[in-house]
Amino acid sequence: MGKANRQHRNSGRWKAFRGFLLPGSLWTPRFSMAWGGCFLTLLSFDIIWCTITNYRPLGFVSTYLFSATLALIMALPAFISHRRWPQLLLLLAVDALLEANLMYCRTYFEAIPPASYLLAGNAAQFSDSITSSLNLLDLLLPSIAIATGIGIGRTQKPDRHRAWRPYLLTLSAAIALCAVSAITHGGMIRHISELKNECYKHAFPPVLYTLPCSFVADLTETIVPVSEEDREFAHNIINERLALARGYEQKAPVASPQKRDNLVFIFVESLEAWPIGKKVEGKEITPNINRWLSDSTTWYASKVYSQAGTGRSIDGQLLMTTGLFPTSNYVYSMRYPHSTFPSLAKELRHSLGAKSYLLSGDRANTWNQGVVAASFGIDNPMYRNNWDCSEYFGNTHNPTDKSLFRQIEARMRAGEIWPEGEKAIVEIVTYSSHFPFIINPEAREISLADTYPPKLAEYITAINYADSALGQLIGYLRTRSDWDRTMVVIVGDHEGLASKRKEILENSKTWQALIDTDTYVPMIVLNATIPGHRDEIMGQIDVYSTTLDQMGVTPVWPGLGFSALSPLSQAYASGAPEACGVSGDPAGRVCRIIAGQKRAGNAIIAADMLRDNLNY
C-alpha cells in the first residue's frame with residue numbers, strides 16, 4: 001500500500017510538472033502544429049548551415065533550447081488568429097531571411113553582417129552569385145511552411161479566451177533555460193564574440209543561438225566603441241612595427257639598374273594560385289601567366305594566404321594596397337570609410353610624385369568603394385558609368401575583362417589615362433571571373449569534358465578567360481615607351497571556390513591532385529627590380545610592403561605586414577594554420593606583430609588611430 005501511495009504521489013508530481021511546462025490549454029493541436037513547423041524550420045536551417053560549415057554546433061544543447069524558444073515566439077500568429085494565413089506568411093518571411101543567410105554563408109562562411117542588410121544595391125549587383133548559391137536542400141524551408149499552413153487549417157480554431165497565462169509561463173521557463181545555457185559559456189554575447197575570433201568556430205553562432213540572437217550580438221558589438229585595452233594593444237603594435245622598419249629592414253640590392261616609377265596593380269577577381277602552371281586535358285589553364293613566370297625579370301609568390309573577410313574584394317584591396325587588416329565583424333568600407341588610411345597611391349605620390357588611377361567596371365556604390373577610393377587618395381577613379389558596358393557576361397552588366405582592357409588601352413593611347421611620360425600608379429579591378437564564373441560560350445578559349453564538377457569546370461574556364469584578357473593588356477603595356485620604368489603586379493583579390501572547394505575535394509582524388517586544400521592566391525610581379533620565386537607562405541597583408549620594396553620606396557607607413565624581400569619575412573601568415581617562429585626574429589617581435597594583425601587592424605581603422613601618424 002505504501003509503495004502504491006508513493007507511486008501515486010510521484011505520478012501526481014510529474015503530471016503537475018508536465019502541466020506547468022506543457023499546459024493542455026496552450027498545447028492544442030493547432031498551436032502544437034504551428035510550433036512544430038517553426039521548430040522544424042529552424043532545425044532545418046541549422047542542418048543546412050552545418051553542411052556548409054561543420055556539424056559540431058549540432059552537439060550543443062543551446063542549439064535546441066534557443067530554437068525551441070524562438071519557435072514559441074514564431075508560433076504566436078496561430079495562437080492569436082483564427083486564420084492560417086498569418087502563420088504561413090510569417091513562416092515564408094522567415095524562410096526568405098534564412099535563405100538569404102544560407103546563400104551568403106556559401107560564399108562568406110558567416111551570417112549577413114548587420115550593416116550589409118542596408119546594401120540592397122549590392123544584392124542586385126551580384127544576382128548571378130546569389131541565384132547560383134541556391135541548393136535543393138533549401139526547398140525544405142518553404143515545404144515545411146506550406147505543410148504547416150495546411151496542417152493548421154485542418155485543426156480546430158482557437159477559443160476566444162486564449163491561454164495567455166500558460167503561454168507566458170512556458171515562454172518564461174524556456175527563456176530561463178536559455179539563459180542558464182548561455183551563462184555556462186560566459187554569456188551569449190561574450191561567447192559569440194569569442195567564437196567569431198576562432199578560426200574554425202566563427203560560423204557557429206547562428207546555429208548555437210539562432211540567427212536573430214547572433215544578429216543582436218553582432219549589432220551590440222558593432223556599436224560598442226574600441227576599448228582602451230584594444231587601443232593600447234594596437235598602439236604598441238604600431239610602435240613595434242615602426243621600430244622594426246627603422247632598425248632592421250634595409251632595402252635589398254636592386255638587380256635592375258633601371259628605377260621603376262610607374263606601377264600597374266591588377267586585382268584579378270577570384271584568382272587562386274593552383275591553376276597557375278596546371279594543365280587540364282593537355283591544355284594550360286593560364287598560358288600567359290606561365291610564360292611570364294619563366295621570364296628572368298619576374299618575381300612570383302605562389303602561396304599568398306587569402307585573408308579577405310566579409311568584404312571580400314574590398315577587403316582584398318585594403319589588405320594589399322594599405323597594409324592594414326580588415327575590421328572583424330563588419331565591412332570597414334561601410335562603417336569607417338572616412339578613417340585615415342595609408343595606401344600605395346599616397347606612398348608613390350609622396351615618394352615619386354605619381355598620379356593615381358582606379359579603373360573598375362563595377363559600380364562606385366558597391367561596398368561603398370567610391371568613398372573608400374577617396375580615402376585611399378585616388379586621384380582619378382573610374383567606374384561602370386565611365387565605360388561602354390554593351391559586352392558583358394550573365395546578368396551583371398559590368399564590362400567583360402577584355403572589353404574593359406580594350407577601353408583602357410584606347411584611353412591610354414589617347415592620353416586620357418596615364419599619358420606616356422607621366423609617373424603613375426594605375427589600379428585595375430577585373431570582374432569576369434567573379435562567382436558564379438559565367439563566361440559566354442563564344443568567349444571561351446578552353447572547353448572541358450562533362451566529367452568535371454560543374455563549378456570546377458566553370459572556374460577553370462573563367463580563369464583561362466582572365467588569363468587571356470591579361471595577355472591582351474600586358475601586350476599593350478610592353479609596347480609603351482615607359483615600359484622599362486613600369487612594374488606590373490598581378491594578384492588574386494581573394495580565393496574563389498569558397499564552399500565549393502570542400503564539395504569538389506571530397507568528390508574524387510583526381511581533383512585533390514589539382515586543387516589546393518588551402519586558400520592561396522598568387523602575387524606576380526612583372527618587370528621586377530628583384531626577380532625570383534618564393535614558395536613559402538606569406539599573407540595578403542604582406543603584398544603592400546613587398547610592392548613598395550620592389551619599387552625601391554622607403555614608405556611612410558611600412559604596413560602591418562612585412563616585405564617578402566625583407567630579412568624579417570616569415571613563412572607564416574595570420575589566419576593560416578602554420579606556426580610562426582624562425583631565426584632572425586628580434587626578440588620575437590615579428591611573430592607578435594603577425595599574431596596581432598587582426599586585432600590591431602580592427603582598432604586602427606575603427607578608432608582612426610593613424611590620423612596623427614601619417615605625414616604624406
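The table below lists the values:
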| quantity | calculated |
| --- | --- |
| Counted residues, region 392-402 - those being closer than 19 Å to Gly471 by Cα and either surrounded by fewer than 17 Cβ atoms within 10 Å (Cβ to Cβ) or touching a residue at least 40 places away in the same chain (Cβ under 8 Å) (or both) | 3 |
| Single residue of region 298-355 satisfying the filter (touching a strand residue (DSSP E or B) at 6+ places or on another chain (Cβ under 7 Å) and aromatic (Phe, Trp, Tyr)) that is farthest from Ala564 (Cα to Cα) | Tyr305 |
| Hits in region 54-66 - residues which are surrounded by fewer than 21 Cβ atoms within 10 Å (Cβ to Cβ) and of a type in the set (Ser, Thr, Tyr) | Tyr55, Tyr64 |
| Some residue of region 309-322 being in contact with a helix residue (DSSP H, G or I) (Cβ under 8 Å, 6 or more places away or on another chain), surrounded by fewer than 19 Cβ atoms within 10 Å (Cβ to Cβ) and in contact (Cβ under 8 Å) with a residue 12 or more places away in the chain | no |
| Single condition His397 does not satisfy, out of (1) within 23 Å of Asp315 (Cα to Cα); (2) at pLDDT 95 or above | (2) |
| Matching residues, region 506-536, being in a helix (DSSP H, G or I) and crowded, with 18+ Cβ neighbours inside 10 Å | Leu514 |
| Given (1) buried (at least 21 other Cβ atoms within 10 Å of the Cβ); (2) at pLDDT 95 or above; (3) of a type outside the set (Phe, Trp, Tyr), index of the condition Arg84 fails | (2) |
| Residue check for Ile289: open to solvent by less than 10 Å² (accessible area, probe 1.4 Å), farther than 21 Å from Gly596 by Cα and in contact (Cβ under 8 Å) with a residue 60 or more places away in the chain | yes |
| Selection within region 44-67 - in contact with a helix residue (DSSP H, G or I) (Cβ under 6 Å, 6 or more places away or on another chain) and part of a loop (DSSP other than H, G, I, E, B) | Phe60 |
| Single condition Asp450 does not satisfy, out of (1) touching a residue at least 40 places away in the same chain (Cβ under 8 Å); (2) over 21 Å from Trp299 (Cβ atoms); (3) more than 24 Å from the chain's Cα centre (by Cα) | (1) |
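The values are calculated or read from the model by the stated rules, or taken from the named source; none is laboratory data. Remember, it's a predicted structure, so these values are computed and weren't measured experimentally. All Cβ positions, even for glycine, are placed from backbone atoms using ideal geometry, and neighbour counts span all protein chains on display. Heavy atoms of the whole protein, side chains included, go into the accessibility calculation; ligands, DNA and RNA do not. Shrake-Rupley method; radii C 1.70, N 1.55, O 1.52, S 1.80 Å.
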